[in-house]
Structures are given as structure tokens and as C-alpha cells.
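One structure is given below, encoded as C-alpha cells.
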Amino acid sequence: MNPKKLAFYLWLLLVAGGITAYFLYPDEINILFLEDLSEEYYYVALIIYFLLLSARGLTMIPSTPLLLAGVLTFDPLELFIVNMAGILSSSTIVYYFSKFLGFDSYFETKHGKYVRKIRRGLTDKELPVIVGWSFFPLVPTDLIVYVGSSLKIPLLKCLLGVFVGESVLNAFYIFSTNLILKL
């Protein structure tokens, strides 16, 4: 079997297995298990949170639900640092493995209009477009990373843009949610 197909089927199996387990055992498997775990094993919970964020890019799931669960569980500054590290590692995975895992065809068919628009915008102003796209909450950051990878924009430039845009957005989410929870 073609290694690309094998990786894709393993990825599908992992996602399908996770979704099935969630529906079969909804009380045991929920994102708030981190809260219970973090009371006893705080740093283990942070590592699990980081790994979930890193793997999130392979499933194209937004990081916001994990971030909101993290707000309930972790210290705001630690959450910000771990969240940004997870987003950057996830972006690195998408950058290097998007073609291998078939994300190129996914993005080209599902978000073709955006892909063409981004490619036109990135030709002159790579960093500002990546920052702006990463800051805007209603569009997938993984999409801009994929397009940057397909255009051979250097990884560090992509990660810098993602970091600047996402850090502003994440800081806002974390600190505003904490303020609301304290009311």
C-alpha cells in the first residue's frame, strides 16, 4: 500500500476511534478531564494539553475549544505559553506534512476560493497577510500555513506570522474569559 494512503487511513482510524470512544463513553471522555487530572498531576496535565494542541492540526479542529477548557484548568500565563507552543508545533506539522497527509487536496476542494485569494495576497506581503489571517478568529490558521508551505515561504516566517497573530487573539481569549469567570 502507498505510504500516503496508509498514513491517511491511520489518521482516519485515529479520528474515527476518538469520536466513537467519545460517543460510547461521554462521561469518561471529555475535555474537562484535564481539570481533575491537573489537581493531582499539574505538569502532566500541561503536557497532555500541549500534545492535544499539537495533534489538533492533523484533525483540522480549531484550537478555541481546547483553549476554553484550558482557561478553566490552568494558570493564565502558563496556559498562554503552552497554548502558543502547541499552536506553533501544530503549524509546523501542517507545514511539513500537509502534502503527505493529503491536506493539499482537502484545502483545494473545501477552501479553494480562499486558497487562491491567499496565494494572490502572499505574493507581495507574506508576513502581514499571515499575521492578519492568524489574528482573524473565523478562518482556519492551518489553511494559511498550508498555503505558505505550498508557496515555499520559509517555515520561520510562517511561524512568526502565526505567532504574532495568534498570540494577540489567544491573550484576548484567555484574559477576557478569566475576567468574565471572576465576575
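Read the figures in this text as sums done on the coordinates, not as results from a lab. These numbers come from a predicted model, not from an experiment. Neighbour counts run over all protein chains shown; Cβ positions are idealised from the backbone, glycine included.
Things to note:
- In sequence order, the stretch 86-103 has phi-based couplings of x, 5, 5, 5, 5, 5, 5, 4, 4, 4, 7, 10, 4, 6, 4, 8, x, 5 Hz under the Karplus curve 6.51 cos²θ - 1.76 cosθ + 1.60, θ = phi - 60°, and Gly or Pro positions carry x.
- Ranked packing of 160-167, 19-26, most packed first, by mean Cβ within 10 Å: 160-167, 19-26
- Reach of Lys125 by Cα under 25 Å, taken over lysines that are not fewer than 8 positions away in the same chain: Lys99, Lys110, Lys113, Lys117, Lys152, Lys157
- Ordering of 99-112, 76-89, 133-146 by packing [mean C-beta count within 10 Å, highest first]: 133-146, 76-89, 99-112
- Going from the residue with the fewest nearby Cβ atoms within 10 Å to the one with the most, Leu72, Leu66 rank Leu72, Leu66.
- Within-14-Å neighbourhood charge of Gly112 [Cβ basis; K, R +1; D, E -1]: +4
- Across the stretch 42-56, computed HN-Hα scalar couplings (Karplus, 6.51 cos²θ - 1.76 cosθ + 1.60, θ = phi - 60°) run 4, 6, 5, 5, 5, 5, 4, 4, 4, 5, 4, 5, 5, 6, 4 Hz from first to last residue, x flagging Gly and Pro.
- The stretch 29-182: relative contact order as a whole-number percent, Cα under 8 Å and 6+ apart: 25 percent
- Stretching the chain fully between Ile81 and Leu160 yields a gain of 27.0 nm (0.36 nm per residue, less the alpha carbon separation).
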